[in-house]
Every structure is written in structure tokens, then in C-alpha cells.
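Undergrad: My questions will all concern the structure given below.
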Amino acid sequence: MSKRDWRKLDESDVRVRPGKGTRPRSKRRPEHADASTAMVTGVDRGRWTCAVDGDPARSVTAMRARELGRTPVVVGDSVGLVGDVSGRPDTLARIVRVDERTSVLRRTADDTDPFERVVVANAEQLVIVTALADPQPRTGFIDRCLVACYAGGLEPLLCLTKADLADPAELLAGYADLAVPAVVTRHDEEPDELRARVEGRVSALVGHSGVGKSTLVNRLVPDAALATGVVSAVGKGRHTSVAAVALPLPGDGWVIDTPGIRSFGLAHITPDDIVDSFEEFTAAAEECPSGCGHLGPPEDPDCVLDDVVTEGDAKPERLASLRRLLVSRAGLES
């Protein structure tokens, strides 16, 4: 190849490859109008198991599309799928859309943790599983779950297990003024009442380890094959569920089993979020001073919620129940 004289070169002889910053780019993203709708039933190390059209027989493994970035995708989410949605072995679809959620169960690790974790999406009701004995019931935990229910748009259902070991009457009486529906189960009987309340619905189960949550799930979904824990001598159970998973009921509906937890942080919930769930106090709360925690004297001496009771527009028991939830939310009660 002959060597060219550089003095005879002009701009037409120079080729400049454009850099990334000069390439025209469109901000438009594919609409994926033909995406299949699916329900997320499991999450494991960057892969999501999805039921196409909510059909458990059409199970697909998917990854999150790059355009979603770090958009959280949790069990219960309704998503859009593209790619191979056949569910055949070694196939992989892509999640390209996360639909708006109808309800969200959130928690933080503790009351000082600013990081909010979405546990379950789109559940209709939260089944709060509590043992009447072995381990002993913790009303503070129940109250915190109720707060998360009210703030997240779920309906609460209290499920008391091990009724063969203790009488549920006292614990049930403590929630009568909150009008929380409840079912009572025991190990030697089928949970027929609980089964009737979850059938045809999406229900999330939450509870401490050792309360019998996984045992209930095994009875509701015989094919679940979940390990049941053994309660230790000190009254604390082993964790038997390590990740949330949605399981189809034999008839219709889903139960979402969540990992056993020891604390339910509520750093993301404000006192007004709780008051909004008590219709008789909502309007009056707007007249309270800014920053009022609605706990009443001496913490909040100018709180006007007491006036609602004085004027006969609400029962004192309802205000006491509301403030009990506020105390639990504030971390003043375990």
C-alpha cells in the first residue's frame, strides 16, 4: 500500500466515529401492548415465578426487563410479560410492566429503619396468625399488623391457633371494639372456618415463627409441602418459611405464606394514616395541632379526639383502641 502525502489530505479523507454522546437517542420505550398479564407467585435470586392470567397451571420463569431498572417486583404483583411465556424448561420471559397495586403490605426492620420493604402486593386480606400458647401471644405484634393493614388497604383477619392449649376468650375480647373478624383453630381439627374465609380471595398470612402458620398453609394447600417447625423449649420457633410464596387453593383463590418475623417496624406509617381508618375521628383529627400524635394528655394535651367522645359521636372504647394502635406504632409498647 502506497504511503499518501499528508499535505494533500482534506476533510473528506478524515473519518470521525461519533461518540455515544452524539448519537441520537429516543426517550420512547416500547409499549408492549401485546404483553401477557401474570401474577407473581415467587421470587428467587433475580428470577420471578409468574402465573400467566392467574392460572397456576401456566407457570413461567421471568427476569426483570432492563427498562424497569430497579423497580421492585414482589409476590402478588400483576405484571406484563413478553418473550417465551410457554413455561417450557429452560425458557425465560421478561417482566416489562408492573401494574398499579390495589393494596400493599409494607414493613421496616424496626421503627428507626428508613428503608421500607414491600412484603406482599394486591392481597385482599391479611391473616394475622397468633398462637394462644407456646409461644405466648403478643398483642403488640397484632396491633402493629393491624396498623399495616389499615395503612396498606388490606382487610385484617385474626387467626388464633392452638386453642387446645388455652382459652381464646380474653384475647378476642381485647379486639372486640376494633371489630376485627377472628377464627380459632386447633391442631386436632380441620381449619374449616379459615378455609371458608380465604376461599376465592388472595390472602397473605403473617406471624411469628412457631405459631403454626406453615401447618395451616399445609392444611389449606395439601400440595404445599412446606416444612413445619418445632417450637423450642424457650417458646421461640425456628423460621420455616424463608421467602414469600403464593400458593393456589384447591378451589379458587391464593394464600401467600410470608417468612416468620420477630418484629414489624412501622417507620413508614404516620399517626394520621392510622386515624384515617377510624371514620368517626377522621374529621376531628384535622383540627388537631400540627405534629399531634393523637395520644392525648400528657403527650398531646391539645388533641381534640377526646371531644368526639365527649360529644357522644364515638365510643370511648373505640378511642382507647385507636390510641393503643398509636402507642404500638410509636414503639412505646412491645
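The values are calculated or read from the model by the stated rules, or taken from the named source; none is laboratory data. Bear in mind the structure is a predicted one, so any value in this text is a computation, not a measurement. Positions of Cβ are backbone-derived with ideal geometry, glycine not excepted, and every protein chain shown enters the neighbour counts. Ligands, DNA and RNA are excluded from the accessible area calculation, which covers all protein heavy atoms including side chains. Shrake-Rupley method; radii C 1.70, N 1.55, O 1.52, S 1.80 Å.
Undergrad: Output the residues belonging to the stretch 279-313 that are closer than 21 Å to Ala176 by Cα and modelled with pLDDT of 90 or more.
TA: Glu280, Phe281, Thr282, Leu295, Leu305, Asp306, Val308, Val309, Gly312, Asp313
Undergrad: For Ala320, state whether it is of a type outside the set (Asp, Glu), free of Cβ contacts under 8 Å to residues at least 40 places away in the same chain and either assigned to a helix (DSSP H, G or I) or surrounded by 12 or more Cβ atoms within 10 Å (Cβ to Cβ) (or both).
TA: no
Undergrad: Identify, please: which residue in the stretch 150-180 is of a type outside the set (Phe, Trp, Tyr) and at pLDDT below 90 and is, among those, farthest from Ala314 (Cα to Cα)?
TA: Ranking the qualifying residues of the stretch 150-180, first place goes to Ala151.
Quick grid of which residues meet (1) open to solvent by 10 Å² or more (accessible area, probe 1.4 Å); (2) without any contact (Cβ under 8 Å) to a residue 60 or more places away in the chain; (3) basic (Lys, Arg):
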position	(1), (2), (3)
Glu67	yes, yes, no
Leu92	yes, yes, no
Thr102	yes, yes, no
Arg107	yes, no, yes
Leu126	no, no, no
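Undergrad: Scan the stretch 156-165 and tell me whether some residue there is of a type outside the set (A, V, I, L, M), closer than 18 Å to Trp254 by Cα and either free of Cβ contacts under 8 Å to residues at least 12 places away in the same chain or buried (at least 20 other Cβ atoms within 10 Å of the Cβ) (or both).
TA: yes
Undergrad: From (1) at pLDDT below 95; (2) under 20 Å from the mean Cα position of the chain (by Cα); (3) closer than 26 Å to Val221 by Cα, pick out the condition that doesn't hold for Val202.
TA: (1)
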